Amino acid sequence: MRALQVDRSLARFVTARVSSRPAAVRLTETPSPTPPGPDWVTIRPLLSGICGSDLATVYGRASRWFEPYVSFPFVPGHEIVAETAGGERVVVEPVLHCRIRGVDPLCSACADGRTNRCENLAAGHLAAGLQTGYCNQTGGGWSASLVAHRQQLHPVPSGWSDEAAVMVEPVACSVHAAMSAPPGAGPVAAVIGAGTIGLATIAAIRTFREDVTTVIAVAKHPEQRRLARQLGADFVANPDELRRAVRRATGSWILDNGQLTGGADVVFDCVGTSESLSESTAVAAPGATVVLAGMPGQVGVDLTALWQRELRLAGAYAYGPERNAGDRHSFDLSMQLIAEHDLGRLVSARYPLDRHSDALEHASHAGARGATKVVFDLRQEKRR
Amino acid sequence: MTRPGFVLEVDRSTPPILTWHGEGFRLENLPAGRSRVIYPPEPLESLRDPDAAIREALASPLGDSKPLRELLFPGMRLTIAFDDISLPLPPMRRPDNRQRVIEAVLDIAAAAGVDDVALICALALHRRMTESELRHAIGDRVYDSFAPIGRLLQHDAEDPEGLIHIGVTERGEDVEINRRAAESDLIVYVNINLVAMDGGHKSVATGLASYRSLRHHHNVKTMRHSKSFMDPEHSALHSSNWRMGRLLAASGVKIFQIETTLNNDAFPSQTAFLQKREWEWSARDRASYVASTRALSLLTPRAARSLFQSIKAPHAMTSVYAGEVEAVHAETTRMVHRQQLVEVQGQTDVAIFGLPHICPYNVNSIMNPILVMCMGLGYLFNLYRGRPIVREGGVAILSHPTPWAFHPVHHPSYIDFFEEVLSETTDPVVIEKNYEQRFATDEWYRHLYRTSHAYHGVHPFYMWYWGAHALEHLGRVIVVGGNRKAVRRLGFSPASTIADALEMASDVVGDEPTISHFHCPPIMIADVK
Amino acid sequence: MSGQLPGAHSPDKRLPVTARSWAQARSGVRRRIRTASTFPLGSPPWPGTVELPPADKTLGVHYDSEWARSPFARRARTALQATVANPLLRALTSPSVRGLDRLAHFDEPAIFVANHSSHLDAPLILSVIPPRWRDELFVAGAADYFFDTHPKAVLSALALNAVPMERQRVSRTSAGRATQLLDDGWSMLIFPEGGRSPDGWGQPHRPGAAWLAVRSSVPVVPLYLEGTARILPKGSRRPKPGHVTVNFGAPILPPSDGDSRTFARTIEDAIAALADELAGDWYAARRRAAAGTTPPLSGPDATAWRRSWALGAARTGAGPKADSSRWPWNHRP
C-alpha cells in the first residue's frame, strides 16, 4: 500500500528544518500493518486530517520530548475517519494507552479512565507510540490502511459526512481544553488563535461553559475572524488589539508599559508559541487559568506575571471522560458540538497522497490562505 | 484691499487646483465644464491696535451689561473661563487673543482690587492642556501668576465635587456646570470665534458643562436636526445651548462674555500659495510649492506631522465685543460671516474636500481615522448656510492619507471605538444605543481624562455624531489616498486618485456629475442659494 | 586695600605662602602694570594751577558720530554683534527675555528706557531687542565718559552706535541731534538714571528721556534689567557669569498735553512695576501698581548697610540660574 512515512533520518529532519519544507516525510510503498492481537482490526481511512503536531514533525520542529514515545519508521495521521472490513464507518480515538497495549495492571490514570494521562506509552506488547500515527506497528491515517484496537473505534452517527466525522478527534481536543478550566472561573474568556483548535474551543465554550459570558477571540486572518464570530466569539481582535479588548470587557486599566490591571478569567492559548503564551499571561486576571491547548514546544516566556498573579498554567492534551461534564467522554461531547455547529465545514481542502507536499504546505499556511482544516482524501486510494 | 470669496467655473484653461491631503497637498485637475471651485474671501484687515480695542470693548459693552470695571469690586469671586486648545486652527502666533483679553481683564480687576480670581480652561470633554499649551494660550505672565497658587484650573466634567446642577430646561435638559464658575460673582468668558458654531451660550453651557448636561445636545438626534451646526439659526445644537444659557442667566449666573474674531490668514508667508488662487501664483509661489512638496515627500509621516503641527498661523484679531452673551454673539457672528461667507449658486452631485493636517481635536496630536471622518463629514460638509453644497444622495470625496494611527495619550477611547465599535457598525443610531453608555462610564477613560491629557471616553462618539447629518444626506463617501483598511472600517470607499473617485461616484450619481471643490482651508461658509 | 589702616600690614602678609598669597602676588603684577601707565610712561596730570586750554571741539558732546550710521558701519556693527558680542553676552549672562509679546502689534520707532547698573546693559539690550528696532537704533552715551578720548569715542560709536549726551541737562547740541535722529525714524536706547548705579539700587530719573519722547512724540518702551549688576557691577573689571532677566514693558504714548515731568514719573513707575513683576507674579504686581504700592527702584530711604541688606532680600527671588542637573549627577536632595 502507499503511505506517507517518517523515517529515523537526521538528514531529513535537518533538511526539513533548514529548508522549511515538509521533507521529513516521504511517499512510499510499504506492506499494510498486520493486527498485533485478537482485538485488533484492519481499517481503511477515508479522510485523515493534518494536525499541528503532525506539521511540527514533518517540518522537523517537534520537541525531543516525544522521542521515547515514537517508534520509527511510522506513518503519521491520527485524525481519522475510516471504514472497517464490514463497511462500518468509525472514527479512531488514537491514544495508545495501557488497555490497548495489554498492560496489566493498568497505570493509575488508565484505571481512573483518564487514558490521555497514561504512564505506559512505551510499554506492553506494542512498540512505543503515544498515539496511532506515531507507532510503527499500528500504521497511521496518511495511508491506505492501518490497524486499530476495537476500544479505539467510535462509530460515526448515520447521516454524517466524512468531513464532519474527521473533525471528531480535533474537536474533542478543544472540548477537553474548554472543560479543563475550573468551573466558575469567571465570565470573561480569551481564546488566542483561530485555527481548528481555537475555533472549536470557541464553540465548545459557547456550548458547554455556561459560566463564561464573554468570549474574546484573537484571529489574524479575515476568514478566521468570520468563523470565530459565527461560532460565538463576542469580539474578535487582531493580535495587537487583544489587550485593549480584554480591558474593555473587564473594565480594567492599562498601565504605562501596556500591562493590564485586571484581565480575563480564563485564557486559552491555542497557538503555543512564545508570543502567544506571553500574551496569554499578560491578559490573564490575577488567579486566572491559562490553558495550553496548542502544542507549545520550547518557548521563552517571562513568568513573573504567573508568579505574582498566581496564575495557573494548565495543559490540555487529548481527551477522556470530562469531570466537569458528568464524566461524558470528550468524543461524545465533540460529536454533539459538531452536530450543533456544523463543524464539518471547517474542512476546507482535501488532497490525495500524491500531492502531499502541496497538502502540507497548505496546512502550514492554512489561516493565511483562508483554510482551517486540510485533510488527505484516501477514498480513491487502492487497497492492497 | 480684501477680495470677497469667489466661485470659479472650471474650463479647459483652468490650472490644476490645490487640494489638501493631510500633511501635504496635491494639484488636481478637475473636469472642465461641470466643475466649480469655491474660494474663501481673502483675510480681512485686522485691528491696528488690538489691545486698545479690547480696552474699549470692556469699557463700552453691548446689551444690558455694565462696563466691566463696574462689575468688579473688592472681595468678589471672579472666574475667567477661556476656550481650550481646539481654537484657533492652526494655533495662532503669540500673543494669542486669549492672552490679550485676559491681561486686559486682569488689569481692570487689579485696579478694582479683586483678589479671589480663578482661571478655568473651558475644555468640556476635551483633553486637558499641557503647561506649554496653556502658556501659549494665556501667556507666561498670567500662567505664572495663577498656576503656582492653584488658581489656573482645567474644567473637569467628571468631578462630582466640582460641578453643580443648576436646573432643568423646559425641554427637560439638565444644566450642570462647573461649580467654581457658577458660584462666582461674575464669570468672564474669553472666547475665540473661529467658526460660526463657536461662542454665544455654547461657551459656558458646553465649555463648562458635565457629561450629564452635554448628552442632551451632543447626540445623533440633535445633530441630524442641525442643518447645519455651523448655522446657529438652523441648529438644534444651538437651540439647546441657548435654552441652557437662558436658564443659567435666569438662575442668577452672571456672565460677561468677551468674543474675538480672527481673519483667515492661516499660513505663514513662506507658504502663501496655500491661500492664493492658483492662476495668481507667482514664480516664487510655484517654487515654494515644488520645494515643499519635494521636501515633504522625503519626510517620514511622523516628521511631516511634527513639521505641520509646528505651524503657527499669523491670524490677526478683526474684532472684539464684550457684554451680554446674545448681544455680543450677534455682532461676532456678523463678523465671522463677513470673513467667511461665500455665495454659491445651487448644489452639485459631488463635493471634493481636501482635508488638512489639523482639526479641532488633533492639535499637537495625530489626525486618526475617526477625526478624518469628523473633519470631512462633520466640519467641512457642514460649512454651509441654507443647503449643503452637495445634493441629497450625492457623493463626498475626501482627500486624506487616513493613517491607521492614534495618539495613545490623547485618544485612548478612539482606539477602542475604532477597533470595537466600528468593526460592528457605522450607524450612528446603533452606536449611540449600544455602546455610548459603556464608553462614557469606563473608569479608565475617566481616570485618563481627569488626570492625563486624554479626551473623554465618549468623545469619539460625538465625533461620529458630528457626521450623522452628512451620513444621512450623502449617497456615498469616497476617501482618496487613504489607508484602505482604515477607510473601509469607517464604512467609506477607498480610491487612489481623484479621477478614480469621480469614476466611482458616477455609479451613484450618474455620468458626468457636477462637482464642487471646496478650497479650504482657510475656513469659509458656503452660502448656498 | 582701601580699608587698610596706615602703617598696618595686610593680614595676608602674616600668613604662610598659600594660594591666597599667590593671588596677592598676581595682583601685585597688575598694580605694576597700572603704575607703568602713569606718568612718565603715561600722560602727565594737568596742574590745577595752570589754566586749561580750550576743550577739543571734536570730542565729548561735540563728537560727530554720523559716520557710525553709514551703510558700511552699520553692516560692520551687525557683523560684530552677530559674531562676537552676542555669543559672548549669551555665554556670560544667559539672558531670559520676557514681555516681548507686549510689542507684538507695535511697529514704530521707540525710545527704549531702562534702568542702569552695569556696562553690560547697553550691549545686552542690543542683543535681545528685536531686529525691527535694533537695526535702526542709537544709544545715548555719556559725553564725558564714552567720548572723552578718540579711541573710546570711535569704539562706542562703532559698536553701539552711541551718540554723546550730557548727563546733567540736555544741551541744545545733543538734544537737537537726538530729535533729528528720532524724526528720521531711528529708535533710541537711553538710561535716564544718567549713570550706573553705585550700590545696585536705582537712582532718580533725569527728565531727558521723557522730554525727548514728548518733544518728538515717540512712544516709550520701558525695560527692566535684572542681574547685570551681579555680573559686572560698577567698579569691577572682571565679569562673573550669571543669569540676567530682561523684561520688556508695553509701549507708553507720551501725553498729548506735553507735560514731560509727569511723563518721566510714569516711565519710572512703569520700570518699577516691571521689576515688581519679576520679583513676584504679574497679577500681584498689577494689584500693587493699581494701589500705588509698587516698591520703588530707589530702595528704602535709610543708611547704606540697611539699603544693601534690603537689596539682598529683594534679590532672593531672582538669584543665579537654578541648578538644572539632577541626581545622580548632582548629589543634592
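The values are calculated or read from the model by the stated rules, or taken from the named source; none is laboratory data. Just so it is clear, the structure is predicted and the values come from calculations on it, not from any experiment. As a convention, Cβ positions derive from the backbone with ideal geometry for all residues, glycine included, and neighbour counts pool all protein chains shown.
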Margin query: What are the pairs with Cβ atoms under 7 angstrom where one residue, in the stretch A:256-278, is assigned by TED's automatic domain parsing to the domain that holds A:THR372 and the other, located anywhere, is assigned to a strand (DSSP E or B) and of a type outside the set (A, V, I, L, M, F, W, C)? Sequence gap at least six, or different chains.
Written below: none
Checklist line | Condition met for B:HIS410 (more than 13 Å from chain A (Cβ to nearest Cβ) and either more than 30 Å from B:ILE498 (Cβ to Cβ) or of a type in the set (S, T, N, Q) (or both)) | finding: yes
Checklist line | Matching option when the condition is surrounded by fewer than 21 Cβ atoms within 10 Å (Cβ to Cβ), charged (D, E, K, R) and at pLDDT below 90, among C:GLU66, C:GLU108, C:GLU136 | finding: C:GLU66
Checklist line | Among residues of the stretch B:1-17, those that are assigned to a strand (DSSP E or B) and surrounded by fewer than 22 Cβ atoms within 10 Å (Cβ to Cβ), counted | finding: 4
Notebook entry, point to check: Has the stretch C:194-210 got any residue that is within 14 Å of chain B (Cβ to nearest Cβ), touching a Lys or Arg at 6+ places or on another chain (Cβ under 8 Å) and either without any contact (Cβ under 8 Å) to a residue 40 or more places away in the chain or aromatic (Phe, Trp, Tyr) (or both)?
Noted result: no
Next item on the list: Please report, ordered by residue number, the helices (runs of 4 or more DSSP H) entirely within the stretch B:444-524 with at least 3 residues that are aromatic (Phe, Trp, Tyr), away from chain A (no Cβ under 14 Å) and farther than 30 Å from B:PRO314 by Cβ.
Entry: B:459-466
Next item on the list: Just name the residue that is surrounded by the most Cβ atoms within 10 Å (Cβ to Cβ) out of those in the stretch B:413-443 that are within 11 Å of chain A (Cβ to nearest Cβ) and over 15 Å from B:VAL458 (Cβ atoms).
Entry: B:GLU419
Next item on the list: Please give the number of the condition C:GLU108 fails out of (1) assigned to a helix (DSSP H, G or I); (2) touching a residue at least 60 places away in the same chain (Cβ under 8 Å); (3) over 30 Å from C:GLY299 (Cβ atoms).
Entry: (1)
Next item on the list: Please go through the stretch C:85-100 and pick out each residue that is among the hydrophobic types (A, V, I, L, M, F, W, C) and farther than 18 Å from C:PRO131 by Cβ.
Entry: C:LEU88, C:ALA91, C:LEU92
Next item on the list: Inspect all residues belonging to the stretch A:294-315 and state whether any of them is more than 27 Å from B:ASP416 (Cβ to Cβ), crowded, with 23+ Cβ neighbours inside 10 Å, at pLDDT below 95 and not aromatic (Phe, Trp, Tyr).
Entry: yes
Next item on the list: Considering every residue within the stretch B:366-377, establish whether at least one is assigned to a loop (DSSP other than H, G, I, E, B) and under 20 Å from B:ALA501 (Cβ atoms).
Entry: yes
Checklist line | Residues satisfying the stated conditions in the stretch C:271-295, i.e. facing chain B (nearest Cβ under 9 Å) and part of a helix (DSSP H, G or I) | finding: C:GLU277, C:TRP282, C:TYR283, C:ALA284, C:ALA285, C:ARG286, C:ARG287, C:ARG288, C:ALA289, C:ALA290, C:ALA291
Next item on the list: Sort out which residues of the stretch B:106-130 are within 30 Å of the chain's Cα centre (by Cα), under 16 Å from B:ARG151 (Cβ atoms) and within 14 Å of chain C (Cβ to nearest Cβ), and write them in order of number.
Entry: B:LEU106, B:VAL117, B:ALA118, B:LEU119
Notebook entry, point to check: So, in the stretch A:254-283, of the ones that are within 14 Å of another protein chain (Cβ to nearest Cβ) and surrounded by 18 or more Cβ atoms within 10 Å (Cβ to Cβ), which residue ends up farthest from A:ALA189 (Cα to Cα)?
Noted result: A:LEU260
Note to self: Scan the stretch C:76-95 and tell me whether some residue there is within 14 Å of chain B (Cβ to nearest Cβ) and either assigned to a loop (DSSP other than H, G, I, E, B) or in contact with a strand residue (DSSP E or B) (Cβ under 6 Å, 6 or more places away or on another chain) (or both).
What the structure shows: no
Notebook entry, point to check: Is the stretch B:263-283 home to any residue that is within 30 Å of B:ARG69 (Cα to Cα) and touching a helix residue (DSSP H, G or I) at 6+ places or on another chain (Cβ under 7 Å)?
Noted result: yes
Next item on the list: Could you identify the single residue in B:ALA526, B:ALA495 that is surrounded by fewer than 24 Cβ atoms within 10 Å (Cβ to Cβ) and of a type in the set (A, V, I, L, M)?
Entry: B:ALA495
Item checked: Filter result (under 18 Å from A:PRO68 (Cβ atoms) and among the small types (Gly, Ala, Ser)) within the stretch A:110-124 -> A:ALA122, A:ALA123, A:GLY124
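Listed here are the residues, each with its yes/no results for (1) at pLDDT below 95; (2) within 29 Å of B:ARG446 (Cβ to Cβ).
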position	(1), (2)
B:VAL190	no, yes
B:ASP198	yes, yes
B:HIS201	no, yes
B:VAL204	no, yes
B:GLY207	no, yes
B:PHE229	yes, yes
B:PRO232	yes, no
B:ARG246	no, no
Next item on the list: Restricting attention to strands (runs of 3 or more DSSP E) lying wholly within the stretch A:277-384, give those where 1 or more residues are touching a Gly at 6+ places or on another chain (Cβ under 6 Å).
Entry: A:284-292, A:373-377
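Residue-wise test of (1) crowded, with 20+ Cβ neighbours inside 10 Å; (2) under 15 Å from the mean Cα position of the chain (by Cα).
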{"position": "C:ARG196", "(1), (2)": "yes, yes"}
{"position": "C:PRO204", "(1), (2)": "no, yes"}
{"position": "C:ALA210", "(1), (2)": "yes, no"}
{"position": "C:SER217", "(1), (2)": "no, no"}
{"position": "C:PRO222", "(1), (2)": "yes, yes"}
{"position": "C:GLU226", "(1), (2)": "yes, yes"}
{"position": "C:SER236", "(1), (2)": "no, yes"}
{"position": "C:PRO239", "(1), (2)": "no, yes"}
Checklist line | Failed item in (1) more than 9 Å from chain C (Cβ to nearest Cβ); (2) farther than 28 Å from B:CYS359 by Cα, with B:PRO148 passing the rest | finding: (1)
Check: Looking at the stretch B:90-102, which of its residues are within 8 Å of another protein chain (Cβ to nearest Cβ) and modelled with pLDDT of 95 or more?
Finding: B:GLN99
Check: Can you pull out the helices (runs of 4 or more DSSP H) entirely within the stretch B:180-283 that have at least 3 residues that are over 23 Å from the mean Cα position of the chain (by Cα) and surrounded by fewer than 23 Cβ atoms within 10 Å (Cβ to Cβ)?
Finding: B:236-250
Notebook entry, point to check: Counting residues that are within 14 Å of chain B (Cβ to nearest Cβ), which helices (runs of 4 or more DSSP H) fully inside the stretch A:165-253 reach at least 1?
Noted result: A:222-230, A:242-250
Check: Name the pairs whose Cβ atoms lie under 8 Å apart, with the first residue in the stretch A:68-80 and aliphatic (A, V, I, L, M), the second in a helix (DSSP H, G or I) and buried (at least 24 other Cβ atoms within 10 Å of the Cβ), and 6 or more positions between them or separate chains?
Finding: A:ILE80/A:VAL166; A:ILE80/A:GLU169
Item checked: Residue ID - surrounded by the most Cβ atoms within 10 Å (Cβ to Cβ), chosen from residues in the stretch B:131-144 that are within 12 Å of chain C (Cβ to nearest Cβ) and without any contact (Cβ under 8 Å) to a residue 24 or more places away in the chain -> B:TYR143
